[in-house]
Amino acid sequence: MDPSHTNTPKLKSKFDTALQYASDVHRRQIREGSHVPYVAHLLGVTARSILADYRHVGDKVWKRFTGRKQGTLWYYRELVKVFREVGPHLMAKELGRVVTQLERLAARRPAQRRSPPRQGRRAG
C-alpha cells in the first residue's frame, strides 16, 4: 500500500462536518487587509506545504493527489486566477509565487535537477 494512504481514515466524518460548517460560517468573512475569503487562506497554506514536500520528496508528492501532477498544478493555477480576479492583494501574489515555483520545479526532469556541490574536490 502507498504509505501516503490508509484504509482507515485519520479524520472521521466529524471533521468533514466541521470543515463544511467552518466554510458556511466564514464564507462571507474576508481576511483583514485583503479581499480573500477567510477560508481560502487555507488553500494558500496548503500550496506552501506541497512546495515544501516537493522539495523534500520530489515527484512522489503527486501520488498524494487524485489529480496527480497535472490536475493538482491546474487546480492551484486556477485558484491563483480566481484570487487575482478578486483583487491584486498579497494573498493572490504570494499564492502565484508559490504555484509558479512549484510549476518550475515540477517541469524539470530529475536529471536536470541541480546536484549538491561535491565536497573535497581538488584542482589539478
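The values are calculated or read from the model by the stated rules, or taken from the named source; none is laboratory data. Please read all numbers here as calculations on a predicted model, not as lab measurements. In this analysis, Cβ positions are derived from the backbone assuming ideal geometry, glycine residues included, and neighbour counts consider all displayed protein chains.
Can you tell me which residue among A40, A22 is modelled with pLDDT of 75 or more and within 21 Å of the chain's Cα centre (by Cα)? Result of the check over A40, A22: A22. Of note, L73 satisfies the criterion of being of a type outside the set (D, E, K, R), touching a residue at least 24 places away in the same chain (Cβ under 8 Å) and in contact with an Asp or Glu (Cβ under 9 Å, 6 or more places away or on another chain). Can you find, within the stretch 83-97, the residue that is nearest to the chain's Cα centre (by Cα) among those that are surrounded by 15 or more Cβ atoms within 10 Å (Cβ to Cβ) and not in a loop (DSSP other than H, G, I, E, B)? Only one residue fits best here, namely L95. Checking A123, A111 one by one, the residue that is modelled with pLDDT under 70 and in a helix (DSSP H, G or I) is A111 and no other. Across the stretch 32-59, the number of residues qualifying as out of contact with any strand residue (DSSP E or B) (no Cβ under 8 Å at 6 or more places or on another chain), in contact (Cβ under 8 Å) with a residue 12 or more places away in the chain and not in a helix (DSSP H, G or I) comes to 3. The set of residues in the stretch 60-72 that are of a type in the set (F, W, Y) and not in a helix (DSSP H, G or I) contains only F65. Would you mind stating whether V25 is surrounded by 13 or more Cβ atoms within 10 Å (Cβ to Cβ) and of a type in the set (A, V, I, L, M, F, W, C)? For V25, the condition - surrounded by 13 or more Cβ atoms within 10 Å (Cβ to Cβ) and of a type in the set (A, V, I, L, M, F, W, C) - is not met.
Could you pull out the residue among R64, R48, R77, R68 that is touching a helix residue (DSSP H, G or I) at 6+ places or on another chain (Cβ under 9 Å), on the phi > 0 side of the Ramachandran plot and either at pLDDT 90 or above or exposed (fewer than 11 other Cβ atoms within 10 Å of the Cβ) (or both)?
Only one candidate passes the filter, namely R68.
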